[in-house]
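J.: My questions will all concern the structure given below.
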Amino acid sequence: MSKRLIDLQHISKSFDGQKIIDDLNLYIRENEFLTLLGPSGCGKTTTLRIIGGFETPDSGNVIFDGKDITSLAPHERQLNTVFQKYALFPHMSIAENIAFGLKIKKKSKAYINDKIKYALKLVNLDGFEKRSVDSLSGGQQQRIAIARAIVNEPKVLLLDEPLGALDLKLRQDMQYELIRLKNELGITFIYVTHDQEEALTMSDTIVVMNQGYIQQIGTPEDIYNEPTNAFVADFIGESNIIDGVMIKDRLVKVLDVNFPCVDEGFGCNRPVDVVIRPEDVELVDPACGMLEGDVISLIFKGVHWEIEVLAGGYEWLVQTTQMHPVGSHVGIRVDPFNIQIMNKPESSDERAVETDA
């Protein structure tokens, strides 16, 4: 297992009296692609800026490779940042943009030229040395910003929503480019996004944040299939989140119907949140379902149909490859293994228990 490279210890940060991060603890491993994911205002960008040295925490420490770097300036840290606004210099050529940091470090001309060629080849933009920034597409500018960062040979590359300005197809292409670059370079990537698809596609580890707290840390598969609370379940993918009562181990009442499940240890007659993914809802003959209902909406999504079914007084979201026209009377069935049971939070901002990355 890779060693810890960055350790954030008890980090707190407030702006204008409002706490943005509250006692955050997180470590990041060498050569890991870690994504900070969450809604606007959750603290993810502030966390990245603290790692990069652009913000100083009110309390806590940033440990890098065993050394406390909390008070070091950004240029004194072994990392580089790629922002959403790429901050390329429009009056410079592509080569001059890439060479900027190396010239400040007073590297030789031969060294700089070799690095420029290497970086452009790495981002699939060979021969672009003399081009101007204005002549590039958004995706090409994004690659140049990455090339400018990697020629400095950082141990860590920080990326703050770098694909946010790109169209969908280009964004998807760049996701695969970033995975390739991370594997070829062997450096640590720390990535900030509010886009769940980006996080699921690229990450080794996802850190879900909300209101300055870490809600869950895990692999993309863990986060999607085993969310720790209703916030994570709702934020990562789409979910049916329904009030339920845990009758006893392996049996939950949902919409006045008893559903077998596989969860245990919640006690008896305990209010819970029941999470069922749309792709896990089966539409069957009404006589074979646990609930009966009517199709009230139908949208074709290409690979599947997205259907809303009114059943038990709840509008179920269903994703299926079988078309059921609006007005159809259907049954709803869910495999016990596909029912996730979660404790209800005691308050809307209750902290989730933090886990190791």
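J.: Just to confirm the filter: which trypsin sites (Lys or Arg not before Pro) across the stretch 233-335 are DSSP coil and have at most 10 other Cβ within 10 angstrom of their Cβ? Write down the numbers at each step before the final one.
T.: On the way: sites: LYS248, ARG250, LYS253, LYS301, ARG333; in loops: ARG250, LYS301.
Loop-located and lightly packed - LYS301.
J.: Separate question: Work from the charge dipole of the stretch 189-235 (Cβ charges, +1 for Lys and Arg, -1 for Asp and Glu, about the Cα centre) and give the residue of TYR224, ASN210, GLN196 farthest towards its positive end.
T.: ASN210
J.: Filter the GluC sites (Glu not before Pro) in the stretch 30-112 to those in DSSP coil with at most 14 other Cβ atoms within 10 Å of their Cβ, and list the result.
T.: In loop regions of the stretch 30-112 (DSSP not H, G, I, E or B), there are no sparsely surrounded GluC sites (Glu not before Pro).
J.: Next question, about the same structure. Out of GLY302, GLY331, GLY289, any idea which swings most in a Gaussian network model of the chain, alpha carbons joined below 10 Å?
T.: Highest fluctuation of the listed residues: GLY302.
J.: Going by a ≥ b ≥ c, the root eigenvalues of the Cα gyration tensor, does the stretch 1-159 fall in the rounded group (a/c under 1.5), the prolate group (a/b larger than b/c) or the oblate group?
T.: Here the stretch 1-159 falls in the prolate category.
J.: Another question, if that's okay. To the nearest 20 debye, what is the magnitude of the charge dipole of the stretch 256-328 about its Cα centre, counting +1 on the Cβ of each Lys and Arg and -1 on the Cβ of each Asp and Glu?
T.: 120 debye
J.: In addition: Want the number for THR320 to GLU76: 0.36 nm per residue separation, take away the alpha-carbon distance, what's left?
T.: Details: separation 244, 0.36 × 244 = 87.84 nm, distance 5.28 nm.
Taking THR320 through GLU76 to full extension adds about 82.6 nm, to one decimal.
J.: Could you work out the relative contact order of the stretch 223-331, using alpha carbon pairs under 8 angstrom and six or more residues apart, expressed as a whole percent?
T.: This gives 22 percent for the stretch 223-331.
J.: Right, next: Identify, among ILE187, PHE15, LEU125, the residue whose Cα sits farthest towards the positive end of the charge dipole of the chain, taking +1 on the Cβ of Lys and Arg and -1 on the Cβ of Asp and Glu, with the dipole about the Cα centre.
T.: LEU125
J.: Given an 8 Å cut-off on Cα distances and at least 6 residues of separation, report the relative contact order of the stretch 1-101 as a percent.
T.: 26 percent
J.: Take TYR118 and ILE241, extend 7 Å from each Cα along the Cα→Cβ direction, and tell me the distance between the two endpoints in nm.
T.: 4.7 nm
J.: Let me ask something else. Using a Förster radius of 51 Å, what is the FRET efficiency between SER14 and ASP335 based on their Cβ-Cβ separation? Nearest 0.05, please.
T.: Working: r = 46 Å, r/R0 = 0.90.
My answer for the efficiency is 0.65.
J.: With n ≥ 4 as the cut-off for DSSP H runs, can you work out [θ] at 222 nm for the chain, using -39500 (n - 2.57) per run divided by the number of residues, rounded to the nearest 500?
T.: The helix contribution divided over the chain gives -7000 deg cm²/dmol.
J.: Expected output is a single nm value to one decimal: the length gained when fully extending between ASN183 and ASN343, i.e. 0.36 nm times separation in residues minus the C-alpha distance. What is it?
T.: Contour length minus the Cα-Cα distance gives 53.7 nm.
J.: Continuing with the same structure: Name the aspartates and glutamates eligible as straight-distance cross-link partners of LYS109: C-alpha to C-alpha under 16 Å, and not fewer than 8 places from it in the same chain.
T.: GLU96, GLU129
J.: For CYS268 and ASN25 in one chain, what is 0.36 nm times their gap in residues minus the Cα-Cα distance, to one decimal in nm?
T.: On the way: separation 243, 0.36 × 243 = 87.48 nm, distance 3.42 nm.
So the chain would gain 84.1 nm between CYS268 and ASN25.
J.: Roughly how big is the stretch 232-273's charge dipole about its Cα centre, with Cβ charges of +1 (Lys, Arg) and -1 (Asp, Glu), in debye to the nearest 20? Each step should come with its number before you reach the end.
T.: Working: 4 positive and 8 negative charges, 47 e Å.
Rounded to the nearest 20 debye, it is 220 debye.
J.: Return the lysines within reach of LYS344: Cα separation strictly under 29 angstrom, same-chain partners fewer than 8 residues apart disregarded; answer none if there are no such residues.
T.: LYS13, LYS19, LYS44, LYS248, LYS253
J.: Over what distance in Å are the Cα centres of the stretch 258-293 and the stretch 78-127 separated?
T.: So the separation of the two Cα centres works out to 55 Å.
J.: Mind grabbing the accessible area of HIS194 for me, 1.4 Å probe, Å², rounded to tens?
T.: Using a 1.4 Å probe on the heavy atoms, I get roughly 100 Å².
J.: So which of LYS3/LYS155; LYS67/LYS182; LYS115/LYS155; LYS107/LYS130 end up more than 18 Å apart by C-alpha?
T.: LYS67/LYS182; LYS107/LYS130, as the Cα separations exceed 18 Å there.
J.: What percent does the relative contact order of the stretch 169-253 come to when contacts are Cα pairs within less than 8 Å and at least six residues apart? Intermediate results must be reported in sequence, preceding the final value.
T.: Numbers: 68 pairs, mean separation 13.6, N = 85.
16 percent.
J.: Still on this structure, please answer the following. Shape of the stretch 122-236 from its Cα gyration tensor (a ≥ b ≥ c, root eigenvalues): rounded if a/c is under 1.5, otherwise prolate when a/b > b/c, or oblate?
T.: Taking the square roots of the gyration eigenvalues as a ≥ b ≥ c, the stretch 122-236 is prolate.
J.: Test of understanding: in a Gaussian network model of the chain with alpha carbons linked when under 10 Å, which of SER108, SER40, SER203 would top the mean-square fluctuation ranking?
T.: Fluctuation is largest for SER108.
J.: What whole number of Å gives the distance from the Cα centroid of the stretch 1-64 to the Cα centroid of the stretch 138-211?
T.: About 17 Å separates the Cα centre of the stretch 138-211 from the one of the stretch 1-64.
The values are calculated or read from the model by the stated rules, or taken from the named source; none is laboratory data. These numbers come from a predicted model, not from an experiment. Here Cβ is always computed from backbone atoms with ideal geometry, including for glycine, and neighbour counts include all displayed protein chains. Please note that ligands, DNA and RNA were not included when accessible areas were found on the heavy atoms of the full protein model with its side chains. Shrake-Rupley method; radii C 1.70, N 1.55, O 1.52, S 1.80 Å.
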